[in-house]
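Take a look at the structure below.
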Amino acid sequence: MSLRFRLTFFYSAFFAVILTAIAFVVYALTERSLTSSLEERGRQALQDLGEGNINQGLSRLPGDAYYEIVLYPLGAPGSATEFADGLRYSEFQSVPRINPTEDDLPSLLDETALERLYEEGYVSTRVSLQNGDSLFVLADRGTGKVRFLQREAAYPATLYIGIPAGSVAATLRQLAKNLGLTVVSAFLAFAAGVWILSRQVLSPVQRVTRAASRVTGKDLTQRVPVPKTKDEMKELAMSLNRMLDRLQESFETQRRFTADASHELRTPVTAIVGHANYLLRRTEPKVEQVDSLTVISREAERMAKLVNDLLELARADAGISVGKEPVNLIEVVEAVHMDVAPVAGSTEIRIDAAVPRIEVVGDPGRLKQVVLNLVQNAINAGASEVRISVTRGRDGVRLEVLDNGSGIPDSAIPHLFDRFYRVDDSRSARGKGSGLGLAIVRWIVQEHGGKVTVESKVGEGTVLTIQLPEVPTHPAESNFKQTLTGTLNIFRPTHAGPARE
């Protein structure tokens, strides 16, 4: 998940929470305001009804409101029960009503509301009708002026008003819908704005990232562009450049030391090998002296190979590239076979190729070094049979070195191409080298635009596979088959996995 997406998501989510909270507050305040306004209009209407101004009181109410006046000509009741009973004086309930309901307003109040009306003289509540609608009921104890037998008289009375809640509910539903649309629209607009603005804000980070990605162990000259602004991005870019300066200096020091040390060691090591061989050939040393001189010569040759490998890696770290020319990989493999076969001992080496010519672009000497290294490793692993296979494929040229040696443990495969790493395997001669051969193999293959992978199983053998880009060549004999030994029973895994670097 990119930083730009996370910024947009979290800022938009926070904005949506704030908008939703504001919408709830607006809804609650509006509902309270509508209810308070309705109750205030109801109070004024009750006052007008008590004074006999029925028309003026009704004008304060919505057109679908109800009202009812219950008179007590025999005096006000003395208890809540008598108060409730007084509601049933039907002869005094014939005062005209607007839009009468199927129930009388007094009968809609429960006992609690009646108690409050009797004790406090006023009650405001919300009740439900039998048809499912809601009704705001306001009641007030006072006097009622009515004309009876052509005489106007004032009697103790209870005044009732019923206001349908449908209009308020409809207003609140429309308000909720409008608030919802507003929140969604504002959220989308805010998210789009953050997404667009974040690109501008994060563009310096992207430039720094692109510049840093170009920095490699072979090229430490790249630097991060420093923005002209005076902010944290400028400090970050300057800090990264200072770090790259220190890394470049450290790498250059290490490269110079490795190259200089390797170059200086070549002369004394060569002298040791030469003098040891001279003493063995031109003098008559004793038996114990022969053993010591043989050990000196062997170890000096091993040290010479190690020095040469170090020098190779120093050149690789310095960015020295290999030569590029069309090379017949079949000829390279045959040259390796001719060099190794005389000293391979009991190990049988075989070359398999379907055509006599498969060309790649590269350095023939370096490619020979790669194949020679892999074959020598197979021999050191105790393999009695080694097969070198060269084929064409959709991904280019595929070169495989298969052996039936002791195999490589799974735990060692991820580190196989690390410098100075050697497989600790007491069952074979593998691991007695310098630990630099496969590192050099990987460098050479990568310089040729290819990759190297390994698959192995302990006790069965190993397959090292090299993929190289192919050079388009003229048609060759498709039926050609080159075989230098007899049939082999050699390990070949069903699924080749990549070696981890």
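The values are calculated or read from the model by the stated rules, or taken from the named source; none is laboratory data. Values in this document were obtained by computation on a predicted structure and should not be read as measured data. When we count neighbours, we look across all protein chains shown, and the Cβ atoms used for this are built from the backbone with ideal geometry, even at glycine. Ligands, DNA and RNA are excluded from the accessible area calculation, which covers all protein heavy atoms including side chains. Shrake-Rupley method; radii C 1.70, N 1.55, O 1.52, S 1.80 Å.
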Query raised in the report: Are any of the residues in the stretch 232-240 within 30 Å of L313 (Cβ to Cβ) and either open to solvent by 80 Å² or more (accessible area, probe 1.4 Å) or modelled with pLDDT of 75 or more (or both)?
Result: yes
Query raised in the report: When residues of the stretch 41-57 are filtered for being open to solvent by less than 80 Å² (accessible area, probe 1.4 Å) and either among the aromatic types (F, W, Y) or assigned to a helix (DSSP H, G or I) (or both), how many remain?
Result: 9
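Working carefully through the options R97, R60, R32, find the one that is modelled with pLDDT of 75 or more, surrounded by 15 or more Cβ atoms within 10 Å (Cβ to Cβ) and of a type outside the set (V, I, T).
R60
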Query raised in the report: Of all the residues that make up the stretch 248-276, how many are at pLDDT 80 or above, surrounded by fewer than 16 Cβ atoms within 10 Å (Cβ to Cβ) and of a type in the set (A, V, I, L, M)?
Result: 1
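Could you tell me whether any residue of the stretch 226-238 is acidic (D, E) and part of a helix (DSSP H, G or I)? Step through it out loud before you land on a result.
As a first pass, look at the stretch 226-238 and keep what is acidic (D, E): 231-232, 235.
This time we only want the ones that are part of a helix (DSSP H, G or I), so: 232, 235.
Yes; the residues of the stretch 226-238 include at least one that is acidic (D, E) and part of a helix (DSSP H, G or I).
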Query - Restricting the stretch 189-231 to residues that are surrounded by 15 or more Cβ atoms within 10 Å (Cβ to Cβ) and among the β-branched types (V, I, T), the residue that is farthest from T8 (Cα to Cα) - result: V215
Query raised in the report: Using beta carbons and a limit of 6 Å, which pairs, at least six apart or on different chains, have the first residue in the stretch 226-255 and touching a residue at least 40 places away in the same chain (Cβ under 8 Å) and over 18 Å from A212 (Cβ atoms) and the second one part of a helix (DSSP H, G or I) and open to solvent by less than 70 Å² (accessible area, probe 1.4 Å)?
Result: R255/A314; R255/D317
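So in the stretch 380-406, with the set limited to residues that are part of a loop (DSSP other than H, G, I, E, B) and free of Cβ contacts under 8 Å to residues at least 60 places away in the same chain, which one is most open to solvent (accessible area, probe 1.4 Å)?
Step one: filter the stretch 380-406 for residues part of a loop (DSSP other than H, G, I, E, B), giving 381-384, 394-395, 404-406.
If we keep only those that are free of Cβ contacts under 8 Å to residues at least 60 places away in the same chain too, we end up with 382, 384, 394, 405-406.
Numbers: G382: 57, S384: 58, R394: 242, G405: 6, S406: 21 Å².
My answer is R394.
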Query - Among (1) farther than 30 Å from Y421 by Cβ; (2) within 37 Å of the chain's Cα centre (by Cα) - the single one S292 does not satisfy - result: (2)
Query raised in the report: How about the stretch 340-362: which of its residues are open to solvent by 40 Å² or more (accessible area, probe 1.4 Å) and either under 43 Å from the mean Cα position of the chain (by Cα) or free of Cβ contacts under 8 Å to residues at least 12 places away in the same chain (or both)?
Result: A341, P342, V343, V361
Report task. Please determine, by comparing only the residues of the stretch 407-438 that are at pLDDT below 85 and buried (at least 19 other Cβ atoms within 10 Å of the Cβ), which one is nearest to V360 (Cα to Cα). Result -> G437
